[in-house]
Amino acid sequence: MAKKLGYIVTNYSGSDAGDINVVSTTVTVNKAQVPTTTTPVWDLHSNGDSKVHSFFDTSSNLRVVVDQYDFSTGTSPGLRIYDPSTSTWTAVTTPRNWSGIENLYGVVKSGNYLYAIDYDGANVVKISLTGATPYTVAGTYHFASGISGYEDHGVAIAAVGDYVYALFITSDASASNYQNSTVVKLDVSGTNPTYVSQASVGKNAFTLEYYDGKFYVACIGGMQQAGSYNAASQLNVVTISTMGVTTPFTASATIPGDFRDIVFSNSGDAYILTGYYDSSYTNLIGKLYKTTAANINAATPSIGTAVDTFTTAGYFWATLYEDVSGGNTDYFWFAKGNPIQIYQPAPTTSPATPFATKTPADLGNSPRNVSINWITPFWEPSSPLARKGAPRSFAAHAKLAVDAKKAALELEDKK
């Protein structure tokens, strides 16, 4: 399959979706129009926060789940599942409403089931992929921290071996104050996913990136803030055999930025993204570091070399590494605020130079093409044992983007 990356662009009142296709260094864009009964689904959405989650079904066919959660009502008009292999994405089933899913934040396949995590209700829902009625609910797990005055939210999900792992954050109702986040290990062999064990990680965590027996969890450390980084922002490493936690890096004068993403190649190269907004929430002051899994877990951890140092406008920040088999060169994807940069090979020295850059204007239709608000991988890991449970979901990244945009508008209104 030539298609590489799905995306959403938005003006925060309406969204367009599509995919970026790459063959060698030739890049084409498909501005997908997903049909419903009368009009494209993107034109029906009013709040500009559509989400597209990719997964592979039991026959290894690429599928995407489209969610159109509405903040004003706290509901979704139904989840739509599509085959995105053609220019007009094709529905593979009628719209679904999954009990326990109000605000879908990620899906992952394990065995003959899809596991979905819900932000609003802090649920993990088990979805059948086979049988007479596929894409229906088979079981549910609910997380409750039990901390008085605080709410729990599901933000990321992954599958490794026979277990599913879910990441939950705990905050007050205004999302101003946070408790530590929690990684929960779930046994999914029965009807309902059941609790096995858990690990406590940093505040406002949002990644669950797997490599070689460990999860790497980036934590903002609390609310995003303007003009400085969060002193509590950190990168945690969870060893899944014991659910033990280490903290190789914390934001400091040496690493001046909130931890905003981490991604691995199959060979163990690691890219860590850090940054904080300037005083007006206009630009992210950031760095992209290249290191290795071994260096992160060394007795004296090393974050490696900054391959990109930038002060750049935009709100959506995310990285993906695409391992390419057959002796071809790997791809590195960087959603850098507002453009999407494509590297081949992945950057190793500074300044990092992409071979292609796609802006929102390239990816959507006016007026909905103002900002990048989502990316999702359209490939399977070339080495499933290295990173089982991919593709990743970027719902938490999109929430950070919406929150930063909202903060910027509030500052502007005060002037």
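The values are calculated or read from the model by the stated rules, or taken from the named source; none is laboratory data. Quantities reported herein were computed from a predicted structural model and do not represent experimental measurements. Positions of Cβ are backbone-derived with ideal geometry, glycine not excepted, and every protein chain shown enters the neighbour counts. Ligands, DNA and RNA are excluded from the accessible area calculation, which covers all protein heavy atoms including side chains. Shrake-Rupley method; radii C 1.70, N 1.55, O 1.52, S 1.80 Å.
Among the residues of region 90-106, is there at least one that is open to solvent by 50 Å² or more (accessible area, probe 1.4 Å), farther than 25 Å from T58 by Cβ and modelled with pLDDT of 95 or more?
No, the conditions are met nowhere in region 90-106.
If only one of S350, S325, S279 is surrounded by fewer than 20 Cβ atoms within 10 Å (Cβ to Cβ), in contact (Cβ under 8 Å) with a residue 40 or more places away in the chain, touching an Asp or Glu at 6+ places or on another chain (Cβ under 7 Å) and assigned to a loop (DSSP other than H, G, I, E, B), which one is it?
Only one candidate qualifies: S350.
Can you find a residue in region 171-182 that is open to solvent by less than 70 Å² (accessible area, probe 1.4 Å), more than 22 Å from F394 (Cα to Cα) and assigned to a strand (DSSP E or B)?
no
Just for region 245-276: of the residues that are assigned to a loop (DSSP other than H, G, I, E, B), among the hydrophobic types (A, V, I, L, M, F, W, C) and in contact with a Phe, Trp or Tyr (Cβ under 8 Å, 6 or more places away or on another chain), which one is surrounded by the fewest Cβ atoms within 10 Å (Cβ to Cβ)?
I255
Could you list all residues from region 90-131 that are assigned to a loop (DSSP other than H, G, I, E, B) and touching a residue at least 60 places away in the same chain (Cβ under 8 Å)?
G111, Y119, L129, T130
The conditions are (1) in contact with a Phe, Trp or Tyr (Cβ under 9 Å, 6 or more places away or on another chain); (2) in a strand (DSSP E or B); (3) open to solvent by 30 Å² or more (accessible area, probe 1.4 Å); (4) not hydrophobic (A, V, I, L, M, F, W, C), and S200 fails exactly one of them. Which is it?
Against the list (1) in contact with a Phe, Trp or Tyr (Cβ under 9 Å, 6 or more places away or on another chain); (2) in a strand (DSSP E or B); (3) open to solvent by 30 Å² or more (accessible area, probe 1.4 Å); (4) not hydrophobic (A, V, I, L, M, F, W, C), S200 comes up short only on (1).
Which of (1) in contact with a strand residue (DSSP E or B) (Cβ under 7 Å, 6 or more places away or on another chain); (2) modelled with pLDDT under 85; (3) open to solvent by 60 Å² or more (accessible area, probe 1.4 Å) does N47 not meet, given it meets every other one?
Of (1) in contact with a strand residue (DSSP E or B) (Cβ under 7 Å, 6 or more places away or on another chain); (2) modelled with pLDDT under 85; (3) open to solvent by 60 Å² or more (accessible area, probe 1.4 Å), only one is false for N47: (3).
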